[in-house]
Amino acid sequence: MAIRRLTQQLYRIVHWSAHDARAGREPTRALDGERDLYEVSTWEPRTAVDRFALSAERLAGGYWKVLFLGILFLLAALSVVAALLVLWLVPGLGRYTLLSVLLAFAITAYLWYAFASPQLPVQPLVVTFALALPLTILAGSWNTAFAGVETLPLLGVVLYAFLIVAPAEEVAKLLAVRLYAYADDRQFSRVVDGAVYGAVAGLAFATVENFSYIFQEAVYVVQQQPYAPLQFVLGDVAATRLLSAPGHVLYSAFAGYYLGLARFNREHAGAIVVKGLLVVILVHATFNVVIAEALPDLLGLGDVGWSLLVLTYDGAFGYVLYRKLSRYRDAYEAASDHGRTPPGAPGEPPEPGVPGVQTDSS
């Protein structure tokens with residue numbers, strides 16, 4: 001039975017497309033016609049950003065599927081590399097890594113508690129977290145390969161942040177959601193589920209990234225400053241990373257929401273995903289250039305000033321995300337209070353094909 005379930009799941013992942021999503025099953029669609037559900041559970045191009053995203057998606061055509069498959073092969077190779085990492089090479093390394101992601105974990109837990117579908121299973125959350133770990137290594141390798149861009153005169157730092165780092169990291173996190181949870185209606189039944197999966201992928205990314213920073217600092221101290229108090233140095237790095245980690249959760253939760261929106265709007269699915277990625281890449285890269293580098297140097301901020309700046313920036317974006325998720329929740333509760341179900345939602349018999357696999361009947 002376990003082999004059969006695995007075979008069915010692999011079939012869904014390989015063969016699933018946007019046309020397989022039962023758009024009518026999304027609960028808030030029951031309010032369609034009497035409430036504006038734009039970017040709640042429906043989408044159409046309204047703004048300049050929307051139209052640009054739609055044009056980009058049409059230009060790319062179907063080649064994004066080839067990209068997914070190519071990265072999947074790299075994922076398998078990098079998973080082997082990731083398994084070779086020895087977590088306990090440095091005393092306290094694991095402990096300080098966990099401490100550095102406490103705030104990111106708290107945000108992820110809140111999003112799951114406040115917005116996830118009641119029936120959202122734990123297993124796809126765990127798989128999403130696991131997939132994001134090697135994908136983080138892949139993104140890090142990409143960043144390292146193009147690190148020379150940062151040294152270019154005048155705009156090197158800006159180009160590196162906007163064209164290399166932010167796109168690679170945000171795509172990697174979103175890919176962790178797309179590879180597994182996205183392909184099953186039972187695991188992804190509402191638009192807002194995408195935000196929860198995205199947050200989990202962001203938490204995994206932050207965990208690996210913080211581990212890397214703390215490990216590198218430990219190696220440097222052991223080699224260059226052997227008499228320095230190692231535990232104190234690692235604690236200082238963990239405290240700094242504590243405030244940097246939540247951004248990964250918030251950005252990928254936002255992009256994940258748009259991935260969920262795309263799942264139930266098959267006509268514009270590609271454009272919706274592009275729009276979500278464009279927003280978070282812009283916010284992420286701006287953080288790297290302005291918040292993490294330029295403003296602290298320009299204003300001469302110390303640790304406290306930098307901490308307040310980071311909390312303000314990520315807090316503002318977090319509020320935007322909260323308002324978007326709350327708008328969805330209001331629509332969902334309104335549909336539930338009226339006892340309505342979206343068109344075509346009542347338990348329809350499974351369609352022919354692989355057992356448990358839903359396909360488009362059109």
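Give me the net charge of LEU242's neighbourhood, meaning all other residues with Cβ under 15 Å from the Cβ of LEU242; Lys, Arg count +1, Asp, Glu -1. Residues close to LEU242 contribute a combined charge of -3. Residues TYR313, TYR180, TYR113, ordered by accessible area of protein heavy atoms at a 1.4 angstrom probe radius and largest first, appear as TYR113, TYR313, TYR180.
Summary value for the stretch 257-323: 19 percent relative contact order, contacts being C-alpha pairs under 8 angstrom separated by 6+ residues.
The string of couplings for the stretch 128-139 from the Karplus curve (6.51, -1.76, 1.60, θ = phi - 60°) is 4, 4, 5, 5, 5, 4, x, 5, 5, 4, 4, 5 Hz, one whole number per residue in order, with x for Gly and Pro. The charge dipole of the stretch 232-340, taken about its Cα centre with unit charges on the Cβ of Lys, Arg, Asp and Glu (plus for the first two, minus for the last two), comes to roughly 580 debye. Calculated on the alpha-carbon coordinates, the convex hull of the stretch 168-308 measures out at 120 cubic angstrom per residue. For the stretch 268-318, rounded, prolate or oblate, judged on the Cα gyration tensor with a ≥ b ≥ c (square roots of eigenvalues), a/c < 1.5 rounded, else prolate if a/b > b/c? Prolate shape, in that a/c is at least 1.5 and a/b is the bigger ratio. Short to long, the 10 Å bins of the Cα pair-distance histogram for the stretch 168-214 hold 27, 49, 19, 5 percent of all pairs.
Counting Lys and Arg as +1 and Asp and Glu as -1 over every other residue whose Cβ lies under 14 Å from the Cβ of ILE137, the net charge comes to -1.
The values are calculated or read from the model by the stated rules, or taken from the named source; none is laboratory data. Being a predicted model, the structure only gives us computed values, none of them experimental. When we count neighbours, we look across all protein chains shown, and the Cβ atoms used for this are built from the backbone with ideal geometry, even at glycine. Ligands, DNA and RNA are stripped out before the accessible areas are found, and what is left, the full protein with its side chains, is counted by its heavy atoms. Shrake-Rupley method; radii C 1.70, N 1.55, O 1.52, S 1.80 Å.
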